[in-house]
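What follows is a short report on a single structure.
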Amino acid sequence: MSHRIASLAAPLLTLKAPLLATVATFALFGGAVAVLTLTGEAPRHLTEARGEVSSMARTAENSHDDTSHGVRSDDLSHNGEDGITFVQDEPGADVQLTGAPAGFDEEVFVAAPSAEEADHAQDSQIAAIEPEPANPNALPPAPISGLSEPGPGGPLPVVGGHGERVSREYARPFHGDPASPTLAIVIGGMGLNPQVTQAAINDLPPEVALSFASSSDNLQTWIDRARAAGHEVLLEAPMEPYDYPNNDPGPYTLLADGTPSENTRRLLWVMSRATGYYGITNYLGARFSASEGALTHVLEDLEERGVAFLHDGAGRRNTIDSAARSAGVEYAIADRILDENPTPDAIDNHLLALEALALQNGSAIGSGFAFPATVDQVQRWAEGLDLRGYQLAPPSAVMARRRLEARLLAEAQAAEPDVSVTYHGTINIGDDHGSESGHNDAEDTHTADAGDH
């Protein structure tokens, strides 16, 4: 019997060692789980960091469960010999760690800079930023003190106490060579299309004048931007066209049959819309420009306030010329409209014709509208102008040159009829009220032509 039991138990005895090992393993694992359940922590101590570093971005002591760098604080050794020690060789140096296990991220323990070091770093960054240079072409901000008074919509231009006029104070300074054929360009309709207006301000040479529609939104802002870029500015007064009121320039249109007082009221409202312009130009106005009486009265108002007048050339030149002379206003009439056909080829042809007029008469003024093609073609045309022997000038400078030539011619003809006048000198516009300084250079000559106006 005992032999039979032993023979049956023999197979079981061959499994004794593996079974005992398995039971022991489960017993140990169960004990560990019981300890964690009862205490909430593993039966070991956290590693304590030692060192003299006072300012840390993070320390091991407050990083119990930080796994963002793949290392838990309880993975660190606790005994004093193997613990983490902070080492900093000198103030401001990077903190070094000793005793950290492999894979521990030392960048977590970078010392924060001192206040003095932070200020020095900020000063270095500021010094490294290149300051934006001031625009050397910028014109003085408007308004200039003493050149305005309150008006119905804002400041109205007036002649200053010492005779200062906005036609000169707000003009772009120019020191030109009278021997060189001089060209001036004014582009109108500014402010109506913001994209084209900004492109004209940014891309056109500062000598190109910009004229703004008085009905434009943000009118003063646009004028300020144009002057900051160096462009002298004109303001457009709406004037009656032949097909008025079907073609209506606006509620403050100057009318050929309007009373002088009503046209003055409308003009003052337009002029008080903004400040910083040196002159008024027309917006439309073929019928108004043909009415010499109405035009003369408006130009007298401009002269009384020290404002110049530039006509875009779309009108009866003889009538405009006669009215301006009667009013005594500073004025000019554009010699060529550049974009009646606003295509690049047509605009280029008119610019070439303008060059021919400058060669013939000494100077020429072209007018255009705020078409994208006009802005683009004028920009390209102006790039090589000096290489072709021309000088680009603001319209105010050409106006001053023509006034001087006309005066010299009138004085010479009064002394001796049918005489031509040769002018020697340099015209300075804008900074010294249009004074003339003579010199004896034989090359700097220009013969006045009665047809300059």
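The values are calculated or read from the model by the stated rules, or taken from the named source; none is laboratory data. This one's a predicted model, so the numbers in the text were calculated from it and none came from an experiment. Methodologically, a virtual Cβ is constructed for each residue, glycine included, from the backbone with ideal geometry; neighbour enumeration extends over all protein chains shown. Quick note on the areas: whole protein, heavy atoms, side chains included, nothing else; ligands and nucleic acids left out. Shrake-Rupley method; radii C 1.70, N 1.55, O 1.52, S 1.80 Å.
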Which residues, counting only those in the range 342-378, are in a loop (DSSP other than H, G, I, E, B) and of a type outside the set (Phe, Trp, Tyr)?
342, 343, 362, 370
State the number of residues belonging to the range 282-316 that are of a type in the set (Gly, Ala, Ser) and under 21 Å from residue 336 (Cβ atoms).
8
Somewhere in the range 171-178, is a residue of a type in the set (Asp, Glu) and either closer than 15 Å to residue 377 by Cα or without any contact (Cβ under 8 Å) to a residue 40 or more places away in the chain (or both)?
no
Within the range 338-390, the residues that are polar (S, T, N, Q) and under 26 Å from the mean Cα position of the chain (by Cα) are 367, 374, 377, 379
Could you tell me which numbered condition residue 358 fails, if it satisfies all but one of (1) modelled with pLDDT of 95 or more; (2) open to solvent by 10 Å² or more (accessible area, probe 1.4 Å)?
(2)
Test for residue 306: is it open to solvent by 10 Å² or more (accessible area, probe 1.4 Å), farther than 18 Å from residue 236 by Cβ and modelled with pLDDT of 95 or more
no
Number of the condition not met by residue 272 [criteria: (1) of a type in the set (Ser, Thr, Tyr); (2) more than 37 Å from the chain's Cα centre (by Cα); (3) closer than 26 Å to residue 172 by Cβ]:
(2)
When you scan the range 282-310, how many residues do you find that are within 15 Å of residue 266 (Cα to Cα) and among the aromatic types (Phe, Trp, Tyr)?
2
In this structure, is residue 381 in a helix (DSSP H, G or I), touching a residue at least 60 places away in the same chain (Cβ under 8 Å) and not small (Gly, Ala, Ser)?
no
What pairs come up if the first residue lies in the range 220-248 and is on the phi > 0 side of the Ramachandran plot and small (Gly, Ala, Ser), the second is surrounded by fewer than 21 Cβ atoms within 10 Å (Cβ to Cβ) and assigned to a loop (DSSP other than H, G, I, E, B), and their beta carbons are under 7 Å apart, counting only those six or more places apart or on different chains?
230/135; 230/137; 230/138; 230/206
